[in-house]
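The values are calculated or read from the model by the stated rules, or taken from the named source; none is laboratory data. Keep in mind that what you see is a predicted model, and the values were worked out from it rather than measured. No Cβ is skipped: glycine too gets one built from the backbone with ideal geometry, and neighbour counts run over all protein chains shown. Only protein heavy atoms, including side chains, enter the accessible area calculation; ligands, DNA and RNA are left aside. Shrake-Rupley method; radii C 1.70, N 1.55, O 1.52, S 1.80 Å.
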Amino acid sequence: VCRWHKASTGYQPHLSEEWQAVVSELASRGFSLDALLDFYEGLGSAYMVHFSANLSTTSDVVFGAIIPLSRSSRSAYATIMMDGVPTQPDKFMTHNWANLFCDLVACVVCDALDESNFAQTAYLLAHDMPMLRRLVNRSGLGERTYWICAFSVNQHTGICGGNPYGKKDAVTGALYT
């Protein structure tokens, strides 16, 4: 809290109102834990049918699910997750594009529940989603909000234009389109 107070006391909005508007809009692209779990539950069935919790990376999920699901609106997927309602995040989380996507989701759940047992959370994600949902519901933390670039940045304005490094899906081996 002290560091936050010290850092925020010197904050000055950008001189350009247009720039500041973009920063404010980008900062309001949070999404709830419940919305993240809804998205996760659709992987492997409703979309990205080849999703594998043991193999699919965050990059795979962005190219295989997030970009296709937001293609028609050409918006950040977080905007879709929250039905277009600007949402201030409670937490900012970073990730590695090459790490397993299920690990990213497990980290978010652990953070929300103030859990230190990552292995148990990852196990529940893979094998007992109803139990994990009950834990989240009982805690009342399903509305806790997060900002993660994979969801909160509009991928259609950056990485959609190509695949210059020839990256491939970890499950299918197919080049990202």
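The table below gives the values:
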quantity	calculated
Tabulated pairs, region 24-39, first crowded, with 23+ Cβ neighbours inside 10 Å, second among the hydroxyl-bearing types (S, T, Y) and part of a helix (DSSP H, G or I), C-beta under 8 angstrom, 6+ apart or interchain	R29/T79; R29/S152; G30/S152; F31/S152
Residue satisfying condition, being within 27 Å of R138 (Cα to Cα) and at pLDDT 95 or above, within set A76, A65, A35	A35
Residue in region 7-21 that is open to solvent by 60 Å² or more (accessible area, probe 1.4 Å) and within 20 Å of M81 (Cα to Cα) present	no
The lone exception for R74 - which of (1) assigned to a helix (DSSP H, G or I); (2) charged (D, E, K, R); (3) within 11 Å of H156 (Cα to Cα) it fails	(1)
Candidate set from region 71-93 (those that are under 16 Å from Y146 (Cα atoms), of a type in the set (S, T, N, Q) and open to solvent by 40 Å² or more (accessible area, probe 1.4 Å)); member that is nearest to the chain's Cα centre (by Cα)	T79
Pairs with Cβ under 6 Å, 6+ apart, first in region 57-70 and open to solvent by 10 Å² or more (accessible area, probe 1.4 Å), second among the aliphatic types (A, V, I, L, M)	T57/A98; T57/A170; G64/M48
Residue in region 127-148 that is modelled with pLDDT under 95, β-branched (V, I, T) and on the phi < 0 side of the Ramachandran plot present	no
Which numbered condition Q120 fails, given (1) modelled with pLDDT under 95; (2) under 22 Å from G158 (Cβ atoms)	(2)
Enumeration of residues in region 155-172 that are out of contact with any Lys or Arg (no Cβ under 7 Å at 6 or more places or on another chain) and open to solvent by less than 40 Å² (accessible area, probe 1.4 Å)	Q155, G162, G166, D169
Every pair of residues 6+ apart whose Cβ atoms lie under 9 Å, when the first sits in region 85-114 and is more than 21 Å from D169 (Cα to Cα) while the second is modelled with pLDDT of 95 or more and loosely packed, with under 13 Cβ neighbours inside 10 Å	none
The one condition in (1) without any contact (Cβ under 8 Å) to a residue 24 or more places away in the chain; (2) open to solvent by less than 70 Å² (accessible area, probe 1.4 Å); (3) over 14 Å from D34 (Cβ atoms); (4) not charged (D, E, K, R) that G140 fails to fulfil	(3)
Residue match in region 40-47 (condition: in contact with a helix residue (DSSP H, G or I) (Cβ under 7 Å, 6 or more places away or on another chain) and surrounded by fewer than 16 Cβ atoms within 10 Å (Cβ to Cβ))	yes
